[in-house]
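**Q** One structure follows; several queries about it will come next.
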Amino acid sequence: MVTVRDRMDERLRALRLVEAERMAAAVFARAVADGVIAAGRYEIEADSGIRDIARWVAGPAFSGSGRLVRSGPHTLLPAGQEVPNRLIGVNDVVVVDLSPLMADHETGFARTVVLGDDPGRHRLVEDLREVFLDGREVFRRHGNITGRMLHAEVRALVRKTGWELATCHVGRLTGTAVAGAPAAMRDEELIAFDNSRPLRRRDQAGFPAHWVMELQLVDECRGFGGTLKQLLDLA
């Protein structure tokens with residue numbers, strides 16, 4: 001049974017989600033500025049550097065376990081899949097996924113960094129951002145949009161870019177399982193073909209449903225991909 005929360009509880013929860021994303025963005029920006037994500041460093045070394053920054057920016061609020069950094073061919077793999085430690089290369093694409101640190105905040109955040117000057121790789125970052133912005137605009141324009149409808153719209157946007165969509169979903173409901181595997185989630189908790197429910201509704205805790213868009217675009221032939229995770233409905 002869904003319990004309807006009062007408006008103060010709803011506002012506070014929304015503010016906590018937005019603040020968690022703000023802190024994650026600050027951690028990512030500092031990691032980039034400090035050169036933590038750099039060629040010649042191992043993924044786990046970069047991971048450790050990001051965790052140090054997270055402790056400085058957010059204290060114990062960002063302290064979950066799980067791999068944060070994937071590079072090169074590892075960027076083709078699903079988030080959360082165990083991979084061996086890898087030396088980051090000069091022209092690599094690197095995915096920084098802070099979602100494991102944010103489990104207590106019930107949301108997720110990921111960005112993609114391109115090392116080197118390859119225009120195709122840099123276009124990947126631009127296309128991830130454009131697909132997110134265009135998908136968010138579709139969500140905003142249609143008050144009764146379902147998970148299936150938004151999934152179809154985002155897939156169409158991805159096709160126009162020439163990249164492949166690596167996942168069967170393009171987002172998930174904020175909540176305690178946000179950093180977990182999609183296979184463990186119910187259809188109604190994903191922005192996916194099998195979710196025919198409206199995205200604007202109340203969740204099982206009685207709060208207005210809030211969503212994280214998750215995009216993983218890949219080029220299987222060239223052996224790299226990129227990821228973007230960001231709150232869809234809270235700016």
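The values are calculated or read from the model by the stated rules, or taken from the named source; none is laboratory data. Nothing here was measured: the structure is a model prediction, and the numbers come from that model. Counting neighbours? That spans all protein chains shown, and the Cβs are built from the backbone with ideal geometry, glycine included. Surface accessibility is based on the protein's heavy atoms, side chains included, excluding ligands, DNA and RNA. Shrake-Rupley method; radii C 1.70, N 1.55, O 1.52, S 1.80 Å.
**Q** Residues in segment 149-174 that are more than 22 Å from Pro208 (Cα to Cα), in contact (Cβ under 8 Å) with a residue 12 or more places away in the chain and part of a helix (DSSP H, G or I): how many?
**A** Result for segment 149-174: 7.
A quick yes/no check of all residues on (1) of a type in the set (A, V, I, L, M); (2) modelled with pLDDT of 95 or more; (3) touching an Asp or Glu at 6+ places or on another chain (Cβ under 7 Å):
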| position | (1), (2), (3) |
| --- | --- |
| Asp104 | no, no, no |
| Phe109 | no, yes, yes |
| Glu130 | no, yes, no |
| Leu133 | yes, yes, no |
| Leu150 | yes, yes, no |
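**Q** Hey, does segment 187-198 have a residue that's within 21 Å of Ala103 (Cβ to Cβ) and modelled with pLDDT under 95?
**A** yes
**Q** May I ask you to say which residue of Ala39, Ala31 is among the small types (Gly, Ala, Ser), assigned to a helix (DSSP H, G or I) and open to solvent by less than 80 Å² (accessible area, probe 1.4 Å)?
**A** It is Ala31.
**Q** Next up: Counting only residues that are open to solvent by less than 60 Å² (accessible area, probe 1.4 Å) and among the small types (Gly, Ala, Ser), which one in segment 56-69 is nearest to Ala166 (Cα to Cα)?
**A** Selected residue: Gly66.
**Q** Next question, about the same structure. For residues that are of a type in the set (Val, Ile, Thr) and touching a residue at least 40 places away in the same chain (Cβ under 8 Å), scanning just segment 42-72, find the one that is farthest from Asp104 (Cα to Cα).
**A** Per the criteria, the residue is Ile44.
**Q** Can you tell me which residues in segment 210-235 are in contact with a strand residue (DSSP E or B) (Cβ under 8 Å, 6 or more places away or on another chain), open to solvent by 10 Å² or more (accessible area, probe 1.4 Å) and part of a loop (DSSP other than H, G, I, E, B)?
**A** Matches in segment 210-235: His210, Glu220, Asp233.
**Q** Which one is farthest from the chain's Cα centre (by Cα) among residues in segment 105-153 that are over 30 Å from Gly35 (Cα atoms), open to solvent by less than 20 Å² (accessible area, probe 1.4 Å) and of a type in the set (A, V, I, L, M)?
**A** Step by step, filter segment 105-153, then rank; the result is Ile145.
**Q** Shifting gears a bit: With the structure loaded, tell me whether Val83 is among the aliphatic types (A, V, I, L, M), in contact with a His (Cβ under 6 Å, 6 or more places away or on another chain) and over 20 Å from His210 (Cβ atoms) or whether it fails that test.
**A** So Val83 passes the test.
**Q** For segment 70-93: of the residues being open to solvent by less than 10 Å² (accessible area, probe 1.4 Å) and more than 14 Å from the chain's Cα centre (by Cα), which is farthest from Thr167 (Cα to Cα)? Show your work before the answer.
**A** Of the residues in segment 70-93, the ones open to solvent by less than 10 Å² (accessible area, probe 1.4 Å) are 71-72, 75, 88, 93.
Remaining after also requiring more than 14 Å from the chain's Cα centre (by Cα): 71-72, 88, 93.
Details: Ser71: 18, Gly72: 18, Ile88: 24, Val93: 18 Å.
By that ranking, first place goes to Ile88.
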